[in-house]
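The structure under discussion appears below in the form of structure tokens.
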Ligand code: ASP
């Protein structure tokens, strides 16, 4: 039996074959107390010395016991546990399996290196805080299936051995043994397949899909992650956004008992960057970034004037706090890490100004600063996108989050179609996204806007989606403007453009990052804490040591040769 089933027992009756792990052992000379733990409960065992093998018992042994279910003596109850008023007087104990000494204790808030926790993940998952995360994940899966069934959306699966599809990251490749020298890719997402379902005549689609992207892991990225993938036929962005709001509200309510009543507000990409310095602002922080370009456009400080003359902007944040030199230096160092030339600052304290540029500032400029009150004025001047990272960092570090609102959602839309990443032009979503206006796109693709929308929760990008291109000529045009040659278009996307050519309905879709959603609601810093078996930052699995080198024979079978870079 399990511990929860004790609910059905009467006091002073017999417990037979109760199984569980030894959570703790306390030897009280003649009497031993064990906290027995199973999947979801604890119960105290009281054991006389005459019980067989009691002296051998250690933490995490798996045991079975029989005994008498008793009420604890008055004053000895543990009010924190469901069965804290009870105990079992053990009459028979059997060690089902011993445990080696543990690499860390099975308890919350342990200070153990993450790589050790991942190496022994099966023990890490025995800890309550981790178990709660995985249970939350399981509840999310269940609630997704419920709401999708309610909305009559079809669950359909897609292959995971596919032709390489670009979605902004590198593919994981799988060599084909039967076709030497050729490779499959693991999907970065089921994007093209879900669009094919719309072309095939299905009205809608969802899948809890694994996606693979060979990129650097960060706290909210993993080489392999899980998303709720959605597509709707005859759809436009509003229809998708309405459906996504409904789905999110339903997941929050069913899986977490959190009611989200208001509808999600929207911001354009430009307004988000202008006001918050980022396309994923945390709206629990109420303060926005301010603009004083007009005030400083004739500045005597040459870098300010030159920058504004070159269509730069002057952005500032003000805090009534009198920041110390050390705090300012710290912000300065952080801003340099984010590509800034340095942090501009002016302090106004006891009616006096201080700061390196103060003596070059005009009276008008200084009176603008003092009109904000006593405190610290921090600024950046330059191209809006270039300075936004620093402004975002300052905003989140200077101001407090409102703790009243726990889950603040926001739609961000009207993204530029393309962005420049490491000097390379990339679609800001993916190249199957429809431009807002085809003529504008054709004339000036760099300035064109995409029908792409992101959902942000508490400053975390929870998901993205777009209206899709449903016309083969437009699809070809977009790939061309992206910089692909005719032969690249034919080789990589010819099959897809062909598929678009047989009467494709309008369609649009979305994908919600399940790992991020669970991590945010469970207040976990890293998505690794809500993924049962995640990889480390460097993409390793400390449990199995994957990825591993292969024997020469095996490589040969796959027609592969490893090149030793030192040779
Ligand atoms: N495939 C996209 C992604 O994984 C989502 C979408 O556009 O539906 O981000």
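The values are calculated or read from the model by the stated rules, or taken from the named source; none is laboratory data. Note that the structure is predicted; figures quoted are calculated from it, not measured. Neighbour counts run over all protein chains shown; Cβ positions are idealised from the backbone, glycine included.
Screening residue 322 with (1) touching a helix residue (DSSP H, G or I) at 6+ places or on another chain (Cβ under 8 Å); (2) under 26 Å from residue 400 (Cβ atoms); (3) assigned to a loop (DSSP other than H, G, I, E, B) gives one miss only, at (1).
Screening residue 59 with (1) exposed (fewer than 15 other Cβ atoms within 10 Å of the Cβ); (2) part of a loop (DSSP other than H, G, I, E, B); (3) more than 22 Å from the chain's Cα centre (by Cα) gives one miss only, at (1).
Could you please let me know if residue 390 is in contact with a helix residue (DSSP H, G or I) (Cβ under 6 Å, 6 or more places away or on another chain), touching a residue at least 24 places away in the same chain (Cβ under 8 Å) and under 20 Å from residue 286 (Cα atoms)?
Numbers: in contact with a helix residue (DSSP H, G or I) (Cβ under 6 Å, 6 or more places away or on another chain): yes; touching a residue at least 24 places away in the same chain (Cβ under 8 Å): yes; under 20 Å from residue 286 (Cα atoms): yes.
Judged against the criteria, residue 390 is a match.
A search for C-beta distances below 8 Å between a residue of segment 179-199 that is under 10 Å from residue 163 (Cα atoms) and any residue that is away from the ligand (no atom under 12 Å from the Cβ) and part of a helix (DSSP H, G or I), counting only pairs 6+ apart in sequence or on different chains, returns nothing. Selection over segment 15-48 of residues that are out of contact with any strand residue (DSSP E or B) (no Cβ under 6 Å at 6 or more places or on another chain) and outside any loop (DSSP other than H, G, I, E, B) gives a count of 3. Filtering segment 408-417 to residues that are within 29 Å of residue 495 (Cβ to Cβ) and either surrounded by fewer than 22 Cβ atoms within 10 Å (Cβ to Cβ) or modelled with pLDDT under 95 (or both) leaves only 416. Evaluating residue 235 against the criteria (1) assigned to a loop (DSSP other than H, G, I, E, B); (2) more than 10 Å from the ligand (Cβ to nearest atom); (3) surrounded by fewer than 21 Cβ atoms within 10 Å (Cβ to Cβ) leaves one unmet condition, (3). Here the condition is being touching a residue at least 12 places away in the same chain (Cβ under 8 Å), assigned by TED's automatic domain parsing to the domain that holds residue 466, under 17 Å from residue 446 (Cβ atoms) and out of contact with any strand residue (DSSP E or B) (no Cβ under 8 Å at 6 or more places or on another chain); of 435, 416, 427, 431, it holds for 431 alone. Out of segment 210-225, which residues are buried (at least 22 other Cβ atoms within 10 Å of the Cβ) and within 11 Å of the ligand (Cβ to nearest atom)? Of everything in segment 210-225, just one residue is buried (at least 22 other Cβ atoms within 10 Å of the Cβ) and within 11 Å of the ligand (Cβ to nearest atom), namely 211.
Suppose we filter 442, 447, 490 for residues that are away from the ligand (no atom under 16 Å from the Cβ) and within 21 Å of residue 162 (Cα to Cα); which single one remains?
Values: 442 fails: within 21 Å of residue 162 (Cα to Cα); 447 fails: within 21 Å of residue 162 (Cα to Cα).
Of the residues listed, the single one that is away from the ligand (no atom under 16 Å from the Cβ) and within 21 Å of residue 162 (Cα to Cα) is 490.
Against the definition (in a strand (DSSP E or B), modelled with pLDDT of 95 or more and within 11 Å of the ligand (Cβ to nearest atom)), how does residue 184 come out, yes or no? Answer is no for this residue. Of the residues making up segment 247-302, those that are free of Cβ contacts under 8 Å to residues at least 60 places away in the same chain, assigned to a loop (DSSP other than H, G, I, E, B) and within 14 Å of residue 407 (Cβ to Cβ) number 5.
Annotation for segment 120-136: no member residue is within 16 Å of the ligand (Cβ to nearest atom) and either assigned by TED's automatic domain parsing to the domain that holds residue 417 or more than 30 Å from residue 426 (Cα to Cα) (or both).
Residue count for segment 187-207 satisfying the condition of being more than 14 Å from the ligand (Cβ to nearest atom) and in contact with a strand residue (DSSP E or B) (Cβ under 6 Å, 6 or more places away or on another chain): 1. Of the helices (runs of 4 or more DSSP H) lying entirely inside segment 475-567, those containing at least 1 residues that are buried (at least 18 other Cβ atoms within 10 Å of the Cβ) and touching a residue at least 24 places away in the same chain (Cβ under 8 Å) are 494-499, 514-521. Could you grab me the full set of residues in segment 342-373 that are without any contact (Cβ under 8 Å) to a residue 24 or more places away in the chain and either at positive phi or assigned to a loop (DSSP other than H, G, I, E, B) (or both)? Across segment 342-373, the qualifying residues are 342, 351, 355, 356.
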